[in-house]
Structures are given as C-alpha cells and as structure tokens.
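Read the structure below first, then the notes.
The values are calculated or read from the model by the stated rules, or taken from the named source; none is laboratory data. Bear in mind that the values here come from a model prediction, so they are computed numbers and not experimental data. Here the Cβ is made from the backbone with ideal geometry for all residues, glycine too, and neighbour counts use every protein chain on show.
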Amino acid sequence: MQELPLDSTPSSLGELPDKTRMLTSPVCGNKLTENGEDCDCGTVQECKDQCCDAATCKLKAGAQCAEGECCSDCKIKEAGEVCRESQDDDCDFEDLCDGKSPWCPSDRFQENGAPCMKGEGYCYNGSCPTMQRQCTSLWGDNTLVGEDLCFNINTKGTVYGYCKKVGRTYKPCEPENVMCGVLYCNSDNKYPTVPGPVAVKGECKALLVPGGMVQNGIKCGDGKASVHKCRYR
C-alpha cells in the first residue's frame with residue numbers, strides 16, 4: 001500500500017480495456033447455444049448432456065430444455081420455484097420460474113429511492129448502499145464514516161477531494177455536494193482491503209482509486225441520494 005500525505009500526488013492508475021465479443025456463424029459442437037440451436041453440449045464424443053442431441057444441437061425426444069436456471073432433468077420447473085435468491089432483504093426480490101421458460105426471469109428489485117435499512121439509505125439497483133457499508137468494505141471492521149470536516153476536502157478540487165474528473169482536471173464539489181465526492185472514513189486499520197494509494201489526514205482516510213468515490217445511490221441528505229451530486233431521489 002502507498003500512503004500519501006495530502007500535499008503529494010499519486011501516480012495515475014491505468015484501466016483495463018473492455019472485453020470484446022466476436023460474432024460468428026452458428027457451429028454445432030462448440031458448446032455455445034447459438035441462433036437456430038436448442039442446445040450445444042459439444043461434440044458427439046464429449047457430450048454428456050442427457051437432454052441434448054449432440055449431432056443436431058436439438059433437444060432429444062421428450063425433453064423440454066437442456067439448460068437454464070428453471071430446467072431440471074430436461075423438464076421446465078413448475079411456476080413459483082425460486083430461481084434467483086434475494087441479494088438484499090430490503091431492496092431485492094427473489095425471482096421465480098414462470099413454468100414456461102427454462103430461464104429465470106429478469107432480476108426484479110425494489111424501485112430506486114425506496115427507503116431501506118430503517119431509513120439509513122435508499123434502494124439503488126437492488127441494493128441498499130450506505131457510506132457505512134462502503135467504508136467497511138474498503139477498510140474492514142472497526143471503521144466509521146469520516147467526520148464532516150473530512151468531506152469538506154472535496155471542495156478543494158484536487159486528487160484528494162473532488163466530485164468529478166474531466167481529463168486531468170479535478171472538479172471541486174459544491175458545498176451541498178461534498179458527500180458525493182471522495183469517500184472519507186475513520187478506521188483503526190492501517191491498510192485498506194483493496195490495493196491502491198491512500199490519503200491520510202488526522203482521522204480522515206481515503207482510498208484514491210475510482211472505487212474510493214462515494215457510490216451512486218448512497219444517501220447524502222434527507223430525501224436525497226448521490227449520483228455525482230446530491231439530488232432528490
């Protein structure tokens with residue numbers, strides 16, 4: 001871990017390129033179910049799927065499906081069976097098979113902005129993000145959210161405190177948006193849970209990587225959530 005005082009500059013961090021996908025014509029036997037195929041379990045020699053005909057990439061006689069969260073023993077599961085567990089008690093719903101498709105329906109979750117964790121946060125894309133949760137994730141147990149004076153650093157417009165980066169320029173947060181910039185935590189732990197340079201000033205600690213910014217959807221005021229700035233939900 002590289003620890004930096006608030007008057008030094010960390011080296012820039014590169015980003016990995018996005019993965020790309022190549023589009024090809026369907027090939028039976030490549031273990032990819034493509035257009036026109038019901039299934040694809042590989043070559044005739046390697047296929048071990050009791051539901052799929054490896055020679056044709058079609059379902060065997062009597063089979064309803066060969067893959068999918070709602071497929072079992074070549075049959076589509078009955079409607080109402082759970083195919084995706086809830087990932088958050090307040091903001092995510094368990095998803096159920098519909099009895100018609102071998103695939104689990106699209107993930108359903110509580111609408112964004114609904115209160116969660118007894119008012120500590122607001123639902124955002126199926127989870128209940130809070131600064132406390134994010135601080136604990138970045139610094140481990142025995143960690144609290146930093147004091148307000150820590151977040152005032154976000155008005156400076158430096159690598160240690162900003163709301164938005166444009167090119168090499170760090171845009172300062174407006175006073176009403178200081179809780180939407182760099183996340184400052186107060187932790188007894190010297191090292192964060194993820195690698196990267198950190199800034200330390202008194203009891204204010206920040207991780208100077210993209211994941212060290214306040215997450216979108218986090219409550220930043222009564223009826224307000226952070227999405228690059230503090231706005232009404």
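Overview of values
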{"read-out": "Test: residue in the range 141-157 that is under 14 Å from Lys219 (Cβ atoms), more than 21 Å from the chain's Cα centre (by Cα) and in the same structural domain as Ala206 (by TED's automatic domain parsing)", "value": "yes"}
{"read-out": "All positions within the range 217-233 that are at pLDDT 95 or above and assigned to a loop (DSSP other than H, G, I, E, B)", "value": "Gly217, Ile218"}
{"read-out": "Residue in the range 108-119 that is closer than 17 Å to Cys220 by Cα and of a type in the set (D, E, K, R) present", "value": "yes"}
{"read-out": "Qualifying residue in the range 157-177 (condition: modelled with pLDDT under 95 and among the aromatic types (Phe, Trp, Tyr))", "value": "no"}
{"read-out": "Lone qualifier among Phe109, Phe93 - being in contact with a Cys (Cβ under 8 Å, 6 or more places away or on another chain) and within 30 Å of Val214 (Cβ to Cβ)", "value": "Phe109"}
{"read-out": "Selection count, the range 82-94, where residues are more than 29 Å from Lys224 (Cα to Cα) and crowded, with 17+ Cβ neighbours inside 10 Å", "value": "2"}
{"read-out": "Residue under evaluation Pro102, criteria (1) buried (at least 19 other Cβ atoms within 10 Å of the Cβ); (2) assigned by TED's automatic domain parsing to the domain that holds Val178; (3) in a loop (DSSP other than H, G, I, E, B), criterion not met", "value": "(2)"}
{"read-out": "Of residues in the range 192-233 being among the polar types (S, T, N, Q) and touching a residue at least 60 places away in the same chain (Cβ under 8 Å), the one surrounded by the most Cβ atoms within 10 Å (Cβ to Cβ)", "value": "Gln215"}
{"read-out": "Subset of the range 115-137 (residues that are touching a residue at least 24 places away in the same chain (Cβ under 8 Å), more than 14 Å from the chain's Cα centre (by Cα) and farther than 14 Å from Lys224 by Cβ)", "value": "Cys116, Met117, Cys135"}
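This table checks each residue for (1) among the charged types (D, E, K, R); (2) closer than 30 Å to Lys190 by Cβ; (3) not assigned by TED's automatic domain parsing to the domain that holds Gly217.
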{"residue": "Glu94", "(1), (2), (3)": "yes, no, yes"}
{"residue": "Glu120", "(1), (2), (3)": "yes, yes, no"}
{"residue": "Pro129", "(1), (2), (3)": "no, yes, no"}
{"residue": "Val166", "(1), (2), (3)": "no, no, no"}
